[in-house]
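The values are calculated or read from the model by the stated rules, or taken from the named source; none is laboratory data. Because the structure is predicted, anything quoted here is derived from the model rather than measured. FYI the Cβ positions are ideal-geometry reconstructions off the backbone, even for glycines, and counts take in every protein chain you see.
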Amino acid sequence: MLSIKSDANMSEADFNTMITAIKEVFPPDNTMPTDYYHHRKTMNELGLPVVKIDACKNGCMLYWKHDATTVSCKFCDEPRYKQIKGGRRLLNNHTHKRIAQAILRYLPLTPRLQRLYASNAATTHMTWHATHERNEGVMQHPSDVEAWKHFNRTFLDFAEETRNIRLGFCADSFAPHGQFGRTYLCWPVVVTPYNLPPEEKGAVFLCNLEKIFPPAFFDSMEHLVVHLPYEARIGGPVQYRWMYPFERFHQELKKTLKNKAHVEGSICQAYIAQEINIFTEHYFEPHIEYRRRRLRRNDEGVANDIFPPFSIFNYIGRAQDRPKISWLLENELHVAHTYILRNCPKVQPYYKIFVNYLQGNPTDAIDKAIDKHFAKWFESFVANEINQVTVPLLQSLAWGPSKKATTWPGYFINGYNFHTITHGMEKATMNSGVCVQGTNVDDSSTDFYGLLEDIVQLEYHGSRWNHVVLFECTWFDPINGTKVHPIYKLVDINRKRIYPKYDPFVLA
């Protein structure tokens, strides 16, 4: 229940209302806690405490250790506690509970670091900095750079124990009440363990941006080209040293604010709930869903356990929007079927046999013969009992697909969302661009660029799971229609130059 509250960012009142409704359905003798307060009490033994330390209203000092009994600031003489108007007293003749003017909430670091080693999900990552494979000349983590190595040489005893933790420190402010609220700044101090592996996707994404866009795109000052290489060599990849992750974290903290009269207390309470949530989720049963187990927005689905993928059939992918039925022309069917056979790993041995028959002919003649005759030859080869091709799915491929096809305007595959040109015409983003790598991996000038015209699913005989999804595209001429910048690798496409050969299909 606490996991649901944390993931949904529910207020305490909403959570209590939900608990009340659930308990009304349960038998009267159920032992489920009655509200959020009692739910939280069950989690107290997890060892994720919060220590409240009184502080000076002006930020001069903490009332801690030797100053724990001090009643006014040693620097500005500001009273430690809020003044009670009129010297009121409670009815039981006890003085009113004194309330500090400012409170620092400290989340003890040691038990939280110990928790990282208490979970199997994080233990191996905590020693990754010492065990990962290093490539000469490649910098992927602060452990690969000079500052880390200098620290190891200076503190040998500390460096010998790979489980010791290196920490990064960050402090920045944000306005919890927004632009139009009252002037108030909250100053969280964040400590981050550097033992963990990099966020590789983010680093790769940034590197790809730098390949595509010229330096002027980033509006960098001229002197940065002098300082940044030195800083990277000393301190490591920039994503470990910039503020963007912490600024996004501040934004997430602002979303958890429920009580604007007690900003830090409200945020701290929500953060503790998230900590408990993340720690306990490692022990949930596999069938229990929570935020970190939810599918990605553009998730393509999961493989079918009953009908596992066979070479080219039944691959993961998810269609979107309403399907339509269309009938393929003979030429479309032949080209699509030939493309599928040429790109099916299980058919490759037979493809090589056919190509060997054609040896001695010019290359152009061989290509034309493959396009025109390979599909029919493969059907005859499989049908001949002498060749002993008895695999049912290979037989289904040889018979060819049905003329009846299913089409969609959108498709999720490999974490991406593709739209046909027509479907995406009225949308704010363009998801109809397709790039297929050419035969030379190192030469981007041989890549094919095109626009997605249709998403076609071909059905083969034998089983309803014998289907293949193809993207039907209009390709631009890779020789006369594309130009790659020699330095920045920017690709300029002449949309008037269309690829002359009719070969529109590519695997989704």
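Inspect all residues belonging to segment 50-63 and state whether any of them is more than 25 Å from LEU116 (Cβ to Cβ), of a type in the set (Ser, Thr, Tyr), touching a Ser or Thr at 6+ places or on another chain (Cβ under 8 Å) and in a loop (DSSP other than H, G, I, E, B).
Looking for residues that are more than 25 Å from LEU116 (Cβ to Cβ), of a type in the set (Ser, Thr, Tyr), touching a Ser or Thr at 6+ places or on another chain (Cβ under 8 Å) and in a loop (DSSP other than H, G, I, E, B), one finds at least one in segment 50-63, hence yes.
Would you confirm whether or not segment 369-392 contains a residue that is free of Cβ contacts under 8 Å to residues at least 40 places away in the same chain and touching a Pro at 6+ places or on another chain (Cβ under 6 Å)?
For segment 369-392, residues free of Cβ contacts under 8 Å to residues at least 40 places away in the same chain and touching a Pro at 6+ places or on another chain (Cβ under 6 Å): absent.
Tell me yes or no: at least one residue of segment 191-207 is farther than 18 Å from HIS129 by Cα, β-branched (Val, Ile, Thr), part of a strand (DSSP E or B) and at pLDDT 55 or above.
No, the conditions are met nowhere in segment 191-207.
Is it fair to say PHE313 is surrounded by 17 or more Cβ atoms within 10 Å (Cβ to Cβ), at pLDDT below 85 and within 18 Å of GLY400 (Cα to Cα)?
Yes: the conditions hold for PHE313.
Would you check if there is a residue in segment 55-73 being within 41 Å of the chain's Cα centre (by Cα), at pLDDT 85 or above and of a type in the set (Asp, Glu)?
no
Got a sec? Which of LEU458, LEU490 is within 20 Å of GLN320 (Cβ to Cβ) and either aliphatic (A, V, I, L, M) or assigned by TED's automatic domain parsing to the domain that holds CYS344 (or both)?
From the options LEU458, LEU490, the qualifying one is LEU458.
When you look at THR439, is it within 23 Å of HIS337 (Cα to Cα) and out of contact with any Asp or Glu (no Cβ under 8 Å at 6 or more places or on another chain), yes or no?
yes
ASN135 passes all but one of (1) touching a residue at least 12 places away in the same chain (Cβ under 8 Å); (2) assigned to a loop (DSSP other than H, G, I, E, B); (3) under 21 Å from VAL238 (Cβ atoms); which number fails?
Unmet for ASN135, out of (1) touching a residue at least 12 places away in the same chain (Cβ under 8 Å); (2) assigned to a loop (DSSP other than H, G, I, E, B); (3) under 21 Å from VAL238 (Cβ atoms): (1).
Please go through segment 327-361 and give me each residue that is closer than 19 Å to ASP503 by Cα and not hydrophobic (A, V, I, L, M, F, W, C), ordered by number.
Matches in segment 327-361: GLU330, ASN331, GLU332, HIS334, HIS337, THR338, TYR339, ARG342, ASN343, TYR351.
For LYS85, which of the numbered conditions (1) at pLDDT 85 or above; (2) outside the structural domain of ALA261 (by TED's automatic domain parsing) fails to hold?
(1)
For the subset of segment 413-432 comprising residues that are assigned to a strand (DSSP E or B), touching a strand residue (DSSP E or B) at 6+ places or on another chain (Cβ under 8 Å) and at pLDDT below 90, which member is surrounded by the fewest Cβ atoms within 10 Å (Cβ to Cβ)?
Selected residue: ASN417.
PRO401 fails exactly one of the following numbered conditions: (1) surrounded by 16 or more Cβ atoms within 10 Å (Cβ to Cβ); (2) of a type outside the set (Phe, Trp, Tyr); (3) touching a residue at least 12 places away in the same chain (Cβ under 8 Å); (4) more than 24 Å from ASN314 (Cβ to Cβ). What is the number of that condition?
(4)
Checking the structure you have, find out if any residue of segment 338-346 is modelled with pLDDT of 90 or more and closer than 15 Å to GLN457 by Cβ.
There is at least one residue in segment 338-346 that is modelled with pLDDT of 90 or more and closer than 15 Å to GLN457 by Cβ.
Quick one: how many residues across segment 343-362 are hydrophobic (A, V, I, L, M, F, W, C) and part of a loop (DSSP other than H, G, I, E, B)?
Count: 2.
Given the criterion assigned by TED's automatic domain parsing to the domain that holds THR406, part of a loop (DSSP other than H, G, I, E, B) and either at positive phi or over 28 Å from the mean Cα position of the chain (by Cα) (or both), identify the matching residue among LYS496, LYS483.
Being assigned by TED's automatic domain parsing to the domain that holds THR406, part of a loop (DSSP other than H, G, I, E, B) and either at positive phi or over 28 Å from the mean Cα position of the chain (by Cα) (or both) holds for just one of LYS496, LYS483, which is LYS496.
When you look at TRP465, is it surrounded by 14 or more Cβ atoms within 10 Å (Cβ to Cβ) and part of a loop (DSSP other than H, G, I, E, B), yes or no?
yes
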